[in-house]
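The values are calculated or read from the model by the stated rules, or taken from the named source; none is laboratory data. This is a predicted model, so every value here is computed, not measured. FYI the Cβ positions are ideal-geometry reconstructions off the backbone, even for glycines, and counts take in every protein chain you see. Surface areas here come from the heavy atoms of the whole protein model, side chains and all, with no ligands, DNA or RNA. Shrake-Rupley method; radii C 1.70, N 1.55, O 1.52, S 1.80 Å.
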Amino acid sequence: MQTALQFGPVLIHLDRLLVGVWQTIQLAVLSILLGTVIGTLGAIGRSFGPRWVSWPIAAYVELIRNTPLLIQLYFVFFTLPLIGLKFSSGTAAILALSIHLGAYATEILRAGVQSVPVGQIEAAKSLGLSSYRIIRHVVLVPAVRAVYPALSSQFILQLMGTSIVGAIAAEELTAIANNLVMQTFRSFEVYIVIAVIYFVLVQAASLVFAGLGRLLFRWKN
């Protein structure tokens, strides 16, 4: 038996879907910013810090990279309250996503740091530059430039990864889509619309990150 597609019952809720798009963008942007900060500090600590700093960072990276994001999300939302750390679903989502991205960003940025020639760092030291200026200007800038394509790809994955936070009742595009399915009983149409929206979001984000890279590093084709 064939069933005709009916997008009308879905598109009349376009305003709700647009709210979901905005919430998804907010989740992605905040978690990318926080995750990048975590990754930067982690890469610096693991590359230049003493063992008592680098080893816990390495353990954090391995733990996060070898466990599912969903489990990490559940841990933040359901387990941390047992020790007095209770977060709203939105805050827990941002925290879990940031911690998750931070582990991957740490390794990506560490690879960039290791690509910086040792002689370049030694030359900076011989000029009397402080450790802060060496890390900021001599190490981080060329390191980020070297790994920016990989880092921006991870940011795109982060955008798509926000779709999982509906598991803890955090509001975003996929969570709203699931509610629409229960309301309209048009699952096929709903998920087609959502897939198109995510495709547009990812393509737009790719263009933004590519443009940002050219702006920051003055890449030339």
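In order along the range 43-50, phi translates into HN-Hα couplings of 5, 5, x, 6, 8, 10, x, x Hz, rounded to whole numbers, per the Karplus curve 6.51 cos²θ - 1.76 cosθ + 1.60 with θ = phi - 60° and x for Gly and Pro. I want to verify a result. In a Gaussian network model of the chain, Cα cutoff 10 Å, which of these has the top mean-square fluctuation: Ala205, Ala195, Ala43? Comparing Ala205, Ala195, Ala43 in a Gaussian network model of the chain, the most mobile one is Ala195.
Of the Cα atoms belonging to the range 30-116, the radius of gyration and Dmax stand at 13.6, 44 Å. Scalar couplings 3J(HN,Hα) for the range 171-186, obtained by applying the Karplus form with A = 6.51, B = -1.76, C = 1.60 to θ = phi - 60°, are 7, 7, 4, 5, 5, 5, 4, 4, 5, 5, 4, 5, 7, 9, 6, 10 Hz; x denotes Gly and Pro. Comparing Gly84, Gly35, Gly49 in a Gaussian network model of the chain, where Cα atoms under 10 Å apart are tied by springs, the biggest mean-square fluctuation is seen for Gly84.
Across the chain, C-alpha contacts under 8 Å between residues 6 or more apart give a mean separation that, scaled by the residue count, equals a relative contact order of 28 percent. Heavy-atom accessible surface of the range 106-159, averaged per residue, reaches 52 Å², computed with a 1.4 Å probe. Around the Cα centre of the chain, unit charges on the Cβ atoms of Lys, Arg, Asp and Glu (plus for the first two, minus for the last two) sum to a dipole of about 800 debye.
Contact order, relative form, for the range 106-221: 22 percent (alpha carbon pairs under 8 Å, 6 or more residues apart, mean separation divided by residue count). The accessible surface of the chain, taken with every protein chain in place and a 1.4 Å probe, is 69 percent carbon and sulfur. Peptide packing: for 94-101, 107-114, the average count of neighbouring Cβ atoms within 10 Å per residue gives the ranking 94-101, 107-114, highest mean first. Among Tyr198, Tyr132, Tyr74, the largest mean-square fluctuation in a Gaussian network model of the chain, built with springs joining Cα atoms closer than 10 Å, belongs to Tyr132.
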